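Read-outs throughout are calculated quantities, based only on the coordinates presented, and are distinct from any laboratory measurement. These figures come from a predicted structure and were not determined experimentally. When we count neighbours, we look across all protein chains shown, and the Cβ atoms used for this are built from the backbone with ideal geometry, even at glycine.
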Amino acid sequence: MQRYESLFFDLDGTLTDPMEGITRSVQYALRHFGIEVTDLKSLCPFIGPPFIESYREHYGFDEAQAREAIAVSREYFTERGIFENRLYDGIPELLAALVGAGRRLYVATSKPLPFAERILDHFGIARYFTLVGGTGLDGSLPAKADVIADVIARGGISDRRSIVMIGDRRHDVIGARSLGIASIGVLYGYGSREELEAAGAGRIAADVEELREMLLG
């Protein structure tokens with residue numbers, strides 16, 4: 001496998017498992033609209049994609065409703081949901097090994113940047129990353145491709161062949177492909193093999209150990 005020097009990681013479903021915090025935040029927002037959801041697992045499709053897209057796709061919200069739902073969900077997420085989260089086993093060790101091997105690590109997430117930075121600090125892994133990219137609280141950089149492009153620009157990365165995007169959902173793969181960047185899909189998060197293959201993932205890792213082998217050989 002080609003040696004990639006600049007490794008872009010998704011956050012939710014790739015570095016951390018945010019299932020409880022995200023689904024409870026969505027549950028809280030839906031309740032605001034009179035929609036009661038008791039099975040949190042049914043809200044797992046919200047993990048990864050931009051929220052505005054998910055509220056439209058899964059509940060038929062128009063743009064105004066979706067933006068209101070996002071604002072309400074943040075009420076819960078900011079106070080509680082942000083830390084209802086856990087690192088996937090082996091991630092700290094993987095990040096340390098990659099940095100030790102001279103790779104440059106970046107985060108490119110659809111989560112608002114301030115939240116992403118707080119989570120990385122909370123779990124003690126912020127030090128491994130050269131730069132963190134995320135969406136804006138004002139709705140800027142709404143698509144994953146926008147976030148990736150922003151990280152490339154701010155990071156001053158001139159050779160896109162040196163980059164690989166690592167994530168668990170089709171949005172990571174599609175965003176990377178739209179910018180001419182390689183991708184690796186991971187199956188320990190919230191996307192299926194079928195989803196990642198259909199999106200055009202270059203390679204797919206079943207678990208963190210397989211991802212480590214792909215990146216370090």
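Taking only DSSP H segments of four or more residues, each worth -39500 (n - 2.57), what value at 222 nm results for the chain once the sum is divided by all its residues, to the nearest 500 deg cm²/dmol? Intermediate values should be presented prior to the final figure.
Working: 9 runs with 97 residues, N = 217.
The helix-only estimate for the chain comes to -13500 deg cm²/dmol at 222 nm.
The HN-Hα couplings worked out from phi for region 167-173 by the Karplus form 6.51 cos²θ - 1.76 cosθ + 1.60 (θ = phi - 60°) are x, 10, 10, 4, 4, 5, 5 Hz, whole numbers, x standing for Gly and Pro. Net charge of the neighbourhood of ARG80, taken over other residues with C-beta under 15 Å away and scored Lys/Arg +1, Asp/Glu -1, is +1.
What is the sum of charges, Lys and Arg at +1 and Asp and Glu at -1, for the other residues whose Cβ falls under 12 Å from the Cβ of LEU216? If you can, show how the numbers build up before the last one.
Details: positive: ARG3, ARG103, ARG212; negative: GLU93, GLU209, GLU210, GLU213.
Spelling it out: positives minus negatives among the neighbours equals -1.
Shape verdict for region 109-217, please, from the Cα gyration tensor: rounded (a/c under 1.5), prolate (a/b greater than b/c) or oblate.
Numbers: a/c = 1.42, a/b = 1.27, b/c = 1.12.
It comes out rounded by the Cα gyration axes.
Explain nothing, just the number: relative contact order of region 19-83, from Cα pairs under 8 Å at least 6 residues apart, as a whole percent. Kindly include the intermediate steps, with their values, before the conclusion.
Working: 64 pairs, mean separation 30.4, N = 65.
Relative contact order for region 19-83 comes out at 47 percent.
Against the main long axis of the alpha-carbon atoms of the chain, helix 144-155 sits at an angle near 50°. Bridges between two residues of the chain, per DSSP, are antiparallel at a rate of about 10%.
For region 66-83, putting each phi into the Karplus relation 6.51 cos²θ - 1.76 cosθ + 1.60 with θ = phi - 60° gives couplings of 5, 5, 5, 4, 4, 4, 5, 4, 5, 4, 6, 4, 4, 8, 10, x, 4, 10 Hz, in residue order, rounded to whole numbers and with x for Gly and Pro. Using the Cβ of ALA182 as centre and a radius below 13 Å, the other residues enclosed give a net charge of +2, where K and R count +1 and D and E count -1. The distance linking region 124-175 with region 181-217 is 17 Å (Cα centroid to Cα centroid, whole angstrom). Using Cα springs under 10 Å in a Gaussian network model of the chain, which residue among PHE33, PHE129, PHE83 shows the largest mean-square fluctuation? Evaluated over the chain, the most mobile residue of the options is PHE33.
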